[in-house]
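K.L.:
Can you keep this structure in mind? I'll have questions shortly.
The values are calculated or read from the model by the stated rules, or taken from the named source; none is laboratory data. These numbers come from a predicted model, not from an experiment. Neighbour counts are summed over all protein chains in view; Cβ atoms, including those assigned to glycine, are modelled from backbone coordinates with ideal geometry.
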């Protein structure tokens, strides 16, 4: 898929870590190939759109700066970083009590305790419809219950996840504030929100509510500044002419395809073109 890989940062004896969240647009499908291209950073690994963290958990960098605009998401990572046992015990309780009524009760309340809020976030992610994160105009999570009833998964390894997060600084905020911290030797991986279903039909229009075109331009400019400071840049985005024009003069573009199953209609699921952008 890519050019000859760098030395892999993952040893054969390392336990594979599965991301604990299902995240729309997540890069589990691409993680192994992309990590081979990234290699182990000389400096920090910087990821401003953390989401499910598939690339971070596959790469296992020695030092990282992780962030996201979603404060609930960031607080959940911080809680696991500090007290994974407390998270696991609360998820065990959610598993015992899980029913349809219980789901909507949990969804309608916001705990004051940080560990309770983090466990609620993971519980809702695992039992809501398709792992979707969506809030209403008041900022309240409003996704209906899904079909899956398993709260604790066989793949859960919160202890290892907590250990990997020990070397990471995790902060909530705009992507530009994180990218502007990148210096020579750092690696920036940016996976902004986007949908790939409208390549030929209003790409900018359909993505405006997810990530505006002004934000796309601001992201590109912040990445270019980081690259000029000596950081290595890796970006995933939609394979659309507007994105190719935006990045084409300064970055290398590689087209790939992924299968998307997040749609509720089978007719709108399928393979969609994406880009890996490097600099």
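K.L.:
Identify, from the list 147, 110, the residue that is surrounded by 12 or more Cβ atoms within 10 Å (Cβ to Cβ), outside any helix (DSSP H, G or I) and more than 22 Å from the chain's Cα centre (by Cα).
P.N.:
So the residue among 147, 110 that is surrounded by 12 or more Cβ atoms within 10 Å (Cβ to Cβ), outside any helix (DSSP H, G or I) and more than 22 Å from the chain's Cα centre (by Cα) is 110.
Residues checked against (1) at pLDDT 95 or above; (2) in a loop (DSSP other than H, G, I, E, B):
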site	(1), (2)
225	yes, no
234	yes, no
246	yes, no
253	yes, no
259	no, no
264	no, yes
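K.L.:
If a residue must be at pLDDT 95 or above and closer than 21 Å to residue 236 by Cβ, how many such residues does segment 165-200 contain?
P.N.:
19
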